[in-house]
Amino acid sequence: MRAVPTAALTAALVLAVVSCSPDEGGQEGPDTDRYLSVGDSLTVGVQPTGGGQGPPEETDEGYTDFLAASLADQGQELDHERNGCRGEDTTTFLDGGNPACGDRYDGDSQAETAEDFLDENGDEVELITLSLGINNVAGCFEQVDLSDPVDASRLDTDCVEEGLERVDEELPEVTEQLREAAGPDTQIVGMTYYNPFLAPWAVEHAGESDPGTPGGELPDGRGVVDYAVEVMEQLNETLRSAYAEQDIDVADVEAHFDSGEFGVPEDSGSDLPLNVQRVCDWTWMCNTEVGPDIHTDPEGAQEIAEVHEEQVEF
């Protein structure tokens, strides 16, 4: 048998190694497993900055980042395609027009960008996470100072009801589009939300023997915090329903934050109800130096990541 020249053998080996290596520019090879995260500011780790004076900014400490890192530690390394932007609601997710997104989606909506990614990489996508819906109503609460009972009485409940209606109409469209683009075998995990609007109880009334009406009263006499509880329960039920219709698993963040538990734990050092303490511990809502800000702090993002991880199946 004729011997192969050394130079030719070396060249062949080099070619084989190159053909099995990632493309130039750090792109992954053709068999990369991928994770697509879509949604709002929680998806991209938005945190308050500048002592609370500047606009919130994206960080690498979102729940999606902690989730991807934890899965990698367990041997399930996924190439994370990180979508999402501050202020995204169901309408802007579908149609675009959110100024906070800038030119991130090249004039398209986040929904269109996600569909394009899934069309190109669908066979490689093992996991999709979705956080969407709270921005339909959050702005209605942020228009007033919830620690001022007079100002709180001007809460625009019509704005809230309109936002909930849009979630009810549009979220099923969002989940249907994601499921259709991803296919039946790709796992999608959607989350419920904690209730950041519990925080006025802590900021204004912590330690008082008679907390009065935390957060002030609406013109019809309902307490703002009580109203916020009703709103968040309705929002989360709408989310669960839309997820169920498309075989989407639920990361029940609402339950993990003990959102309905107003009892004060026996070992509490703050006299705060458990649900309020969770919000104070895991978000910026009770931080008077940089907040109130509804976003999770890094610890809260880690907690949400763990709730998602419980649902992930490989």
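The values are calculated or read from the model by the stated rules, or taken from the named source; none is laboratory data. Just so you know, these numbers come straight off a predicted model, no measurement behind them. Glycine also receives a Cβ, built like all others from the backbone with ideal geometry; neighbour counts cover every protein chain displayed.
Details
- Qualifying residue in region 217-230 (condition: under 22 Å from ASN83 (Cβ atoms), modelled with pLDDT of 90 or more and either under 25 Å from the mean Cα position of the chain (by Cα) or surrounded by 23 or more Cβ atoms within 10 Å (Cβ to Cβ) (or both)): no
- Once region 68-86 is narrowed to residues that are over 18 Å from the mean Cα position of the chain (by Cα) and of a type in the set (D, E, K, R), the residue that is surrounded by the fewest Cβ atoms within 10 Å (Cβ to Cβ) is ASP73.
- Any pair with Cβ under 7 angstrom, 6 or more apart, that starts in region 95-107 at a residue that is on the phi > 0 side of the Ramachandran plot and ends at one that is among the charged types (D, E, K, R) and modelled with pLDDT of 90 or more: GLY96/ASP108
- For region 108-139, taking the residues that are among the polar types (S, T, N, Q) and free of Cβ contacts under 8 Å to residues at least 40 places away in the same chain, the one that is nearest to GLY87 (Cα to Cα) is identified as SER109.
- Single unsatisfied condition, ALA244 versus (1) small (Gly, Ala, Ser); (2) surrounded by fewer than 18 Cβ atoms within 10 Å (Cβ to Cβ); (3) at pLDDT below 95: (3)
For every residue, the table says whether it meets (1) part of a helix (DSSP H, G or I); (2) out of contact with any Leu (no Cβ under 7 Å at 6 or more places or on another chain); (3) at pLDDT 95 or above.
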{"site": "VAL38", "(1), (2), (3)": "no, no, yes"}
{"site": "GLY54", "(1), (2), (3)": "no, yes, no"}
{"site": "LEU67", "(1), (2), (3)": "yes, yes, yes"}
{"site": "HIS80", "(1), (2), (3)": "no, yes, yes"}
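- Look at region 184-212: where a residue is farther than 30 Å from TYR35 by Cα and a partner is in a loop (DSSP other than H, G, I, E, B) and modelled with pLDDT under 50, sitting 6+ places away or on another chain with Cβ atoms under 9 Å, you get TRP201/PRO211; GLU204/PRO211; GLU204/GLY212; HIS205/PRO211; HIS205/GLY212.
- Of all residues in region 241-256, those satisfying the criterion of being closer than 17 Å to ILE128 by Cβ and of a type outside the set (S, T, N, Q) are ALA242, TYR243, ALA244, GLU245, ASP247, ILE248, ASP249, VAL250, ALA251, VAL253.
- Condition met for GLU306 (out of contact with any strand residue (DSSP E or B) (no Cβ under 7 Å at 6 or more places or on another chain) and either buried (at least 23 other Cβ atoms within 10 Å of the Cβ) or part of a helix (DSSP H, G or I) (or both)): yes
- Residue in region 260-276 that is buried (at least 16 other Cβ atoms within 10 Å of the Cβ), outside any loop (DSSP other than H, G, I, E, B) and in contact with a helix residue (DSSP H, G or I) (Cβ under 9 Å, 6 or more places away or on another chain) present: yes
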